[in-house]
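The values are calculated or read from the model by the stated rules, or taken from the named source; none is laboratory data. Quick caveat: nothing in here was measured; it's all calculated off a predicted structure. Cβ: placed from backbone, ideal geometry, glycine included. Neighbour counts: every protein chain shown.
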Amino acid sequence: MGCCASVISREDDHLPENRTVFDPRSTHTARNASVATDTSATTQATRQRGRRGPALPLDQQYNDPLRVHVWYSKRRIWSRSDLERERREFFETRVTGRPEVWAALETALTIMRGGDLATAQSIIDAAGVTIPTGDLCEGCYDEQGVLYRLPQCIVSDPENMAQTTSSGADDAMRGIETTPDDGDLDVLSDGKLVTGDASGDELMADDLERRRDEKGKTSERDLVRVQARLSDRGGPDLTLTIGKGQSVGLLIRKIQQDAGIPDDNRVRIVHLGQILSEHKSLMAQGWQQGHVINAFIVPRGPDSF
């Protein structure tokens, strides 16, 4: 018994303390785990490269050179005087955005319509304006990312513009349709980059609107009292009477007459922060009895808002 025990003891003394047992299955499992890890890392890197895109500066990636906007008016024949009037009134009534950007856009458009694209481009660049497609009708942005929208008739002349200088009212007397074409008022062309409503500056033929209002007869039960607060004086408010269906344009003429506003000034009606269209009624644009409207009086000139 003792002999056997001593032999076993000597054999145990020669055995290493940590014995490694080879198992072929462990090698196979480790190899599969390594392949799976490499595949996952490769797939993730590929996805990240696909999402990252080219590392180009924004001014190179989203700012194209200025180009002329070409368009045709479908239902209206624009005259030179009509276009000049609409453009003047458009820039006179800008209440959003930065005034210096609007001034730069107006100057650049005037120069661009004269055929000097290079100078117009330099003005746009100096103002920090970005035009993603090069077409101002498709949206332009200032350095803070604010969108500036411009209708087609403000940006360029239509290809089918009238050759005479007669006004829209004279055209109407000759039987020419003067209703503004919806396409003329579109702020964005077919390649729309942004969504949203148009700028709210619908165009109208003043003489035709005046005749339509003067011909319409309103019964006393359809009359409403409107309180107008004029921007050029401290008070009191002006109270006028107008038919529910009569246009804001007629209301403006009444304000000009009752308040003695000179002809070289223009009146814009604002309700709840929105400039109202002159050829729609107050109620059609959300006004309710008891609401006070603001009448902004601005001079007719390139330096007014």
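Quick check on this structure: which one of Arg229, Arg225, Arg221 is surrounded by fewer than 18 Cβ atoms within 10 Å (Cβ to Cβ), over 14 Å from Trp287 (Cβ atoms) and among the charged types (D, E, K, R)? Talk me through it step by step, then tell me what you get.
On the way: Arg229 fails: over 14 Å from Trp287 (Cβ atoms); Arg225 fails: over 14 Å from Trp287 (Cβ atoms).
The conditions single out Arg221.
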Check off (1) surrounded by fewer than 20 Cβ atoms within 10 Å (Cβ to Cβ); (2) within 21 Å of Ser277 (Cβ to Cβ); (3) over 21 Å from the mean Cα position of the chain (by Cα) for Tyr72 and give me the number that stays unchecked.
-> (2)
Is there any pair with a first residue in segment 150-161 that is closer than 14 Å to Val68 by Cβ and a second that is buried (at least 21 other Cβ atoms within 10 Å of the Cβ) and among the basic types (Lys, Arg) whose Cβ atoms are under 9 Å apart and which are 6 or more apart or on different chains, and what are they?
-> Pro158/Arg76
Working only within segment 237-252, note down all residues that are within 31 Å of the chain's Cα centre (by Cα) and either modelled with pLDDT of 90 or more or surrounded by 17 or more Cβ atoms within 10 Å (Cβ to Cβ) (or both).
-> Gln246, Ser247, Val248, Gly249, Leu250, Leu251, Ile252
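Results for (1) of a type outside the set (A, V, I, L, M, F, W, C); (2) touching a helix residue (DSSP H, G or I) at 6+ places or on another chain (Cβ under 6 Å), shown as yes or no for each residue.
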| position | (1), (2) |
| --- | --- |
| Arg88 | yes, no |
| Arg94 | yes, yes |
| Ala103 | no, no |
| Ala108 | no, yes |
| Ile111 | no, yes |
| Gln121 | yes, no |
| Ala127 | no, yes |
| Pro132 | yes, no |
| Cys137 | no, yes |
Looking at segment 150-186, which of its residues are crowded, with 18+ Cβ neighbours inside 10 Å, in a loop (DSSP other than H, G, I, E, B) and modelled with pLDDT of 90 or more?
-> Leu150, Pro151, Ser156, Pro158
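Take Val194 and decide whether it is modelled with pLDDT under 90, over 28 Å from Ser281 (Cα atoms), under 26 Å from the mean Cα position of the chain (by Cα) and aliphatic (A, V, I, L, M). It would help to see each step written out before you state the result.
Details: modelled with pLDDT under 90: yes; over 28 Å from Ser281 (Cα atoms): yes; under 26 Å from the mean Cα position of the chain (by Cα): yes; aliphatic (A, V, I, L, M): yes.
Yes: the conditions hold for Val194.
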Among helices (runs of 4 or more DSSP H) entirely within segment 56-122, at least 3 residues that are among the aliphatic types (A, V, I, L, M) occur in 99-113
Assess whether Thr107 counts as being out of contact with any Pro (no Cβ under 6 Å at 6 or more places or on another chain), at pLDDT below 90 and of a type outside the set (D, E, K, R).
-> no
